[in-house]
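Have a look at the structure below, then the notes.
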Amino acid sequence: MSKPKHPRGLSDNEAQAITYNIRVSPRKLNLVAATIRGARAQDAVATLAFSKRRIARTVKKTLESAIANAENNHQLDVDRLVVSRAEVGRAIVMKRFHARGRGRSARVEKWFSHLKIVVAEQQAPKAGTGTEAA
């Protein structure tokens, strides 16, 4: 007898990719994640490709992984994908010290983050809903 199968947390038109322990603070990562939330998947990839921030490359890899998961694992249409969620979470914090004057020390915290990107397939616009001349 085995454990019952864990139910899927996403709906049928969604796929996700998660990257753990990224060496950047959650505050900085959230700035990059905010630029792609709600955008079309292809537009988000283009935005990240030309971003000047270092962490944009890692976010782009995670987004491309979510797109590949949608296409290969869930048979979703890549052209209709939208970034429905880009969640940033706190991971570990490495504590280091920095030598200061007079024999003192200061604490340096090196933050890590988790990133979860969920892409969803948008419904196709219905044909014939616009006003057409007869």
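Any read-out appearing in this document is the output of simple, stated calculations on the displayed coordinates, not a laboratory observation. Worth saying up front: this structure is predicted, and the values here are computed from it rather than measured. So basically every Cβ, Gly included, is an ideal-geometry build from the backbone, and we count neighbours across all protein chains shown.
Structure notes:
- Gyration tensor verdict on the range 1-128 (Cα atoms; rounded if a/c is under 1.5, prolate if a/b is larger than b/c, oblate otherwise): oblate
- Efficiency of FRET from Cβ geometry, GLU87 and HIS6, R₀ 25 Å, rounded to 0.05: 0.80
- Lysines with Cα under 25 Å of LYS60, excluding same-chain neighbours fewer than 8 positions away: LYS28, LYS52, LYS110, LYS116
- Against the main long axis of the alpha-carbon atoms of the chain, helix 26-36 sits at an angle near 20°.
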